[in-house]
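Take a look at the structure set out below.
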Amino acid sequence: MIELSPLTIGCIGVVVLLALCFAGVRFAFAGALTGTAGLVWLIGWDAGIRTAGIAPYTSGANYTLSVLPMFILIGYLAYYAGITQSAFEAARRWFGWLPGGLATGTVFAVAGFSAVSGASSAAAAVFAKVAIPEMLRAKYDKRLAAGVCAAGATLDSLIPPSTLLVVYGIITEQSIGKLLIAGFVPGIVSALVYALIITWRCWRQPELGPRITGYSWPQRFQSLPSTSPIFLVILIIFLSMYFGWATPTEAGALGAFSVLVFALKNGIKRGELRQCLLDSAKLTVMIFTVIWGVLIFVRFLGFSGMPEEVARWVTGLDMPPIAILLTIYVLYFILGTVLEGIGMFLLTLPVVFPVIMSLGYDPIWFGIVLVKLSGIASLSPPVGLVVFVVNGVRPDIPVRDIFKGVWPFIFADIITLAVLTAFPEIVTFIVETAD
Amino acid sequence: MRRADAIQSHLEDGLNLIAALAIFFLMFVGVVQIVGRTFFDFAIYGYIDWIEQASVLFAFLGIAYAQRLGSHIGMDLTMGWRPSIRWKVELFGVVVAIGIISVLVYASFTNFLRAYSIGDSTMDIRLPTWPAKLMVPLALSLLWLRLSLQIWGYLRMIAHPDAEPIAVPKLVTIETQVQDEIAEVLGKPDTR
Amino acid sequence: ADKVTWTWSLYGPPRAATVTFEYLAKVAKEKSGGNFTINLRYNEQLGEAKDFLDGIKVDSFQGAFVAYSYAPAKTPLQGVLDMPFLPIPDLVTQAKVLDAYQAWKPVSDELSKWNAMHFMTLLLPQYEFMGTGKPPRNLEDWKGMRVRALGGLGEAMKLLGAVPTSVSAPEVYTALERGTFQAASFPFTYSFTAYKLHEVSKWYTLGMNLGIIHNSVVLSQTAWKALPDEYKKILEDARPEAYRLQREAYEEADKKSLPLFEKRKLEVIKVSPEMRDKLIATAGRPVWDQWAAETEKKGLPGKEALEKVIALTKQPTN
Ligand code: NA
Ligand code: NA
């Protein structure tokens with residue numbers, strides 16, 4: 001066998017993996033194949049294959065990961081619990097009077113919905129259906145209307161509960177509880193930056209989003225009671241954790257259960273409930289499969305020693321940490337044009353996380369930053385899932401127009417990212433307080 | 001072949017239903033654990049161990065089902081291409097998959113066999129792990145069968161481009177992918 | 001000389017418990033003129049801790065930091081060493097008792113099934129409790145208290161009337177702070193500071209000597225047999241110094257932790273020798289006997305194993 005440095009072997013593995021993914025091989029199988037081949041290369045046929053055979057069971061029988069199906073189920077049930085429509089109605093009455101107020105209202109309604117939902121594509125589908133018709137009726141620019149639904153949906157992965165943050169916590173062995181708490185404030189900050197951008201643009205160009213006036217204060221307050229399920233579910237999850245009734249993992253089950261109760265109260269049909277469960281099972285197995293497939297690849301990287309080598313190499317560079325961090329951001333922007341979400345996390349973190357740690361950045365903080373980067377990725381052309389979802393609900397608004405509509409929000413996200421980088425306390429402060 | 005596809009599909013549907021019920025059940029068990037511990041000083045004996053072992057149900061049973069529907073996470077950069085080329089791209093993806101799954105059926109079986117013959121258990125209440133470990137090669141075998149059906153299906157589509165597709169997922173286009181996402185959240189048009 | 005490269009699999013980051021590995025790797029390299037390299041891979045990069053014996057069996061790596069309690073049925077006879085309240089007063093005795101027990105044929109045969117062998121013990125300070133709420137000054141105070149205690153220790157606490165719950169280690173801090181349970185058991189002192197439990201506690205026990213969850217440096221038999229004799233000798237000669245370094249690392253950790261506990265004004269619940277005898281009688285013995293009986297039922301020499309360990313603890317240290 002040719003004597004190659006671990007760095008070289010690891011890099012070859014990464015290149016092959018990416019090539020297979022680009023050639024259309026599913027991430028799980030591409031990861032498993034590259035990983036097994038790499039293990040065979042490093043430790044021999046029999047040992048390599050058998051080592052790969054340990055990974056699937058290990059990722060499947062995992063207590064912390066068992067929270068995933070709970071968050072997924074919450075997402076599927078939330079629509080049937082009537083949480084969307086009431087949130088949007090309240091947001092319209094409270095924020096409609098602002099320039100572009102309906103769009104701002106959508107942002108805050110998605111933020112509220114995000115507090116009970118775990119995945120961005122769910123939020124995008126739901127709000128494209130509920131909010132876009134209302135905005136178009138109020139003579140809003142259709143790019144803005146579609147763009148705000150797509151961009152707003154990315155808040156869902158930041159505001160707890162969040163499937164993406166759980167996956168991050170698993171890969172990097174960080175406390176899931178801390179990550180979920182940490183996402184809250186940056187989620188609000190993102191929503192506020194979105195609102196500012198919308199207001200500023202519509203103030204300069206009133207025809208983008210005309211004001212809606214005429215709601216009285218009593219009408220505003222009347223819209224609040226029907227939003228109570230959201231607050232109740234949040235309250236249940238937070239109180240159960242705060243008073244120590246439930247660990248974060250168990251709180252997922254409690255959250256799903258309470259959303260189910262609201263869905264039943266709201267008259268969910270048996271067939272709908274069954275479909276929710278079947279779809280949750282499908283999404284769950286998809287996520288588990290990609291996790292163990294890529295874990296085999298990660299094992300290979302572990303044996304090659306490449307991640308540590310890269311971390312050592314990067315820290316040895318004669319560059320300030322912030323420059324390296326910004327370079328990493330740029331790499332994620334580029335990668336994000338075609339990759340996003342869990343796939344992006346699983347494929348990049350084994351190499352990037354040790355680098356971030358060796359640069360001395362806070363692991364919880366980086367999790368939040370990465371979710372933000374993934375949000376941008378899911379909005380950026382040519383592949384942007386939430387944009388596609390919005391277009392699917394509203395085929396009359398072309399994908400091209402939605403991509404144009406989200407540009408201001410990508411700009412807003414970059415501002416948020418800059419703020420989070422300049423003031424990491426926004427993330428770490430609340431985690432330390434919660435300690 | 002149509003029959004093989006139908007039988008296998010029934011099996012996959014059944015297993016995915018079991019996975020779905022496991023998720024539903026897990027939710028109730030979690031609530032019982034919280035309520036029991038908080039109000040009655042009662043904790044489910046070996047809660048973590050039971051959950052860990054049961055997780056295998058939803059982690060693996062639906063794997064062939066998801067493959068049949070073409071749902072496993074991937075990049076789909078070829079969505080805009082001509083069907084005649086896309087059948088070949090899909091075939092390549094499935095051939096790669098069946099190659100590695102063949103290896104992993106064997107590898108995960110040896111993982112089960114070690115636990116079964118030498119011994120292995122969970123940490124707290126010492127549940128034997130071999131039943132859960134056996135689930136992995138079984139689920140992967142089913143996936144292997146599904147993949148071989150798909151290889152046949154794709155080869156058939158490449159040979160007879162105008163035939164009606166059998167045993168292959170509908171070609172994922174941006175539209176179908178998105179319609180699936182939407183149907184999942186908002187319900188299928190016919191069920192609403 | 002022959003070039004040999006080994007890989008060892010560890011769980012957790014570099015810490016007091018891993019000084020052994022770092023020392024052995026260093027000595028191997030120095031004394032072999034750079035020809036015998038041991039790569040250390042931390043943080044379960046190569047597999048999960050509960051799968052380390054699997055990894056040895058399939059030749060993934062040549063050595064590992066094995067915590068037997070993570071998968072008890074893999075090596076059932078190891079269980080006796082994790083029994084609560086075993087009379088092992090200090091780390092010197094611990095190394096002596098554990099190494100002697102590992103040399104006993106039925107125990108080493110068990111490891112042989114995994115193609116594995118015990119190389120040396122990873123010392124661990126005795127577990128103590130740290131907690132919130134009412135300090136357990138008498139045995140009766142444990143009644144109804146929710147505690148985090150695993151395995152045999154959990155059984156023992158049940159006999160005292162406490163309610164053991166299993167919560168994963170990273171969740172312990174929050175759970176203790178929020179009152180999911182009132183006390184948690186860990187190796188004293190360094191794990192308490194590692195998980196920052198002293199920040200949310202009011203008291204800790206001293207001299208309760210709950211027992212330990214033991215670990216070994218485990219090597220692959222295949223790899224060991226293939227190792228040139230000169231390299232074997234290097235590793236074997238390094239053992240005494242490795243033990244000394246372990247003890248020193250824990251003493252260092254105590255020197256840092258104890259002032260932190262004092263600063264937080266944690267109440268020290270000193271457990272007298274008389275009370276410990278009572279603990280052994282009420283919560284120790286019954287668990288030992290139960291373990292022995294259950295192990296016998298599996299057709300393994302449980303009684304003999306227990307007697308062996310107790311006899312070893314009584315031998316004078318030389
Ligand atoms: Na969310
Ligand atoms: Na993108």
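The values are calculated or read from the model by the stated rules, or taken from the named source; none is laboratory data. Note that the structure is a prediction, hence the values are computed from the model and not measured. All Cβ positions, glycine included, derive from the backbone under ideal geometry; neighbour counts span all protein chains shown. Just the protein is used for accessible areas: all its heavy atoms, side chains included, with ligands, DNA and RNA removed. Shrake-Rupley method; radii C 1.70, N 1.55, O 1.52, S 1.80 Å.
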Open item on the list: Need one number: nm distance between label points at C:ASP141 and C:LEU206, each 7 Å from Cα along Cα→Cβ, rounded to one decimal.
Closed with: 1.4
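Can you bin chain A into rounded, prolate or oblate? Criterion: square roots of the alpha carbon gyration tensor eigenvalues sorted a ≥ b ≥ c, rounded for a/c under 1.5, prolate for a/b above b/c, oblate for the rest.
Working: a/c = 1.88, a/b = 1.57, b/c = 1.20.
Here chain A falls in the prolate category.
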Open item on the list: Tell me the per residue accessible area of the range A:164-204 using a 1.4 Å probe; a whole number in Å² is fine.
Closed with: 38
Open item on the list: Checking an interface number: how much accessible area is buried between A and B, summed over both chains, with a 1.4 Å probe, in Å² rounded to 100?
Closed with: 6700
Open item on the list: Compute the helix-to-body angle for C:302-314: its Cα long axis versus the longest principal axis of chain C, expressed 0 to 90° and rounded to tens.
Closed with: 90
TODO: At most 15 other Cβ atoms within 10 Å and a DSSP loop assignment: could you name the GluC sites (Glu not before Pro) in the range A:159-254 that fit?
DONE: A:GLU173
Open item on the list: Once each part is reduced to its C-alpha centroid, what is the distance from the range C:61-82 to the range A:201-222 in angstrom?
Closed with: 67
Task: Local electrostatic count, B:ILE7, Cβ distance below 13 Å [Lys/Arg +1, Asp/Glu -1] - done: +1
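How much mean residue ellipticity at 222 nm does the protein assembly as shown get from its helices, if each DSSP H run of length 4 or more adds -39500 (n - 2.57) and you divide by all residues, to the nearest 500 deg cm²/dmol?
Calculated at 222 nm, the ellipticity per residue is -21500 deg cm²/dmol.
I need the shape label for the protein assembly as shown. Rule: rounded when a/c is under 1.5, else prolate if a/b > b/c, else oblate, with a, b, c from the alpha carbon gyration tensor. Can you show the working numbers first?
Numbers: a/c = 1.81, a/b = 1.45, b/c = 1.25.
It comes out prolate by the Cα gyration axes.
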Task: Burial of 30 Å² or greater, the range C:71-89 residues [accessible area, probe 1.4 Å, versus chain by itself] - done: C:PRO72, C:ALA73, C:LYS74
- [ ] Round to the nearest 10 and report in Å² the accessible area of C:HIS198, as given by a 1.4 Å probe over the protein chains' heavy atoms.
- [x] 10
Task: Distance violations [Cα-Cα > 27 Å] among C:LYS278/C:LYS308; C:LYS232/C:LYS256; A:LYS178/A:LYS265; C:LYS158/C:LYS278; C:LYS256/C:LYS314 - done: C:LYS232/C:LYS256; A:LYS178/A:LYS265; C:LYS256/C:LYS314
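Quick one: grab the alpha carbon gyration tensor of chain C, order the square roots of its eigenvalues as a ≥ b ≥ c, and give me rounded if a/c is under 1.5, else prolate or oblate depending on whether a/b is larger than b/c.
Working: a/c = 1.93, a/b = 1.49, b/c = 1.29.
Prolate.
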Open item on the list: To test your reading of the geometry: what angle, between 0 and 90 degrees and rounded to tens, separates the Cα axis of helix C:19-31 from the longest principal axis of chain C?
Closed with: 20
Task: Among beta bridges that DSSP assigns inside the protein assembly as shown, antiparallel share in %, nearest 5 - done: 55
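Mind checking the full-extension length gain between B:PHE39 and B:ARG82? Use 0.36 nm per residue of separation minus the Cα-Cα distance, one decimal, nm.
9.3 nm
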Task: Cα-based helix-to-principal-axis angle, C:229-263 vs chain C, degrees rounded to 10 - done: 20
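Mean Kyte-Doolittle of at least 1.0 and a Cα length of 30 Å or more along the axis: which whole DSSP H helices of chain A meet both? Provide the component values of the computation, followed by the final result.
Numbers: long enough: A:176-204 (42 Å, 1.40); A:270-304 (51 Å, 1.07); A:399-422 (33 Å, 1.35).
Counting only whole DSSP H runs, the qualifying helices are A:176-204, A:270-304, A:399-422.
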Task: Amide H partners (placed H, <5 Å) of C:PHE129, local residues excluded - done: C:THR205
Open item on the list: Can you tell me which of C:SER191, C:SER32, C:SER69 moves the most in a GNM of chain C? Springs connect C-alpha atoms under 10 Å apart.
Closed with: C:SER32
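Based on DSSP, what percent of beta bridges with both residues in chain C are antiparallel, to the nearest 5?
Numbers: 18 of 35 bridges.
DSSP beta bridges in chain C are roughly 50 percent antiparallel.
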Task: Rel. contact order, % - alpha carbon contacts under 8 angstrom, at least six apart, chain A - done: 26
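Give the residue list of chymotrypsin sites (Phe, Trp or Tyr not before Pro) in the range B:1-66 that are DSSP loop and have at most 11 other beta-carbon atoms within 10 angstrom. Write down the numbers at each step before the final one.
Numbers: sites: B:PHE24, B:PHE25, B:PHE28, B:PHE39, B:PHE40, B:PHE42, B:TYR45, B:TYR47, B:TRP50, B:PHE58, B:PHE60, B:TYR65; in loops: B:PHE42, B:TYR45.
Within the range B:1-66, the qualifying chymotrypsin sites (Phe, Trp or Tyr not before Pro) (loop, at most 11 other Cβ atoms within 10 Å) are B:TYR45.
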- [ ] Give the distance, in whole Å, between the Cα centre of the range A:61-87 and the Cα centre of the range A:292-332.
- [x] 33
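Could you tell me the total accessible area buried at the B-C interface, probe 1.4 Å, in square angstrom to the nearest hundred?
1700
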TODO: Using a 1.4 angstrom probe on the protein heavy atoms only, line up A:VAL393, C:VAL97 by accessible area, largest first.
DONE: A:VAL393, C:VAL97
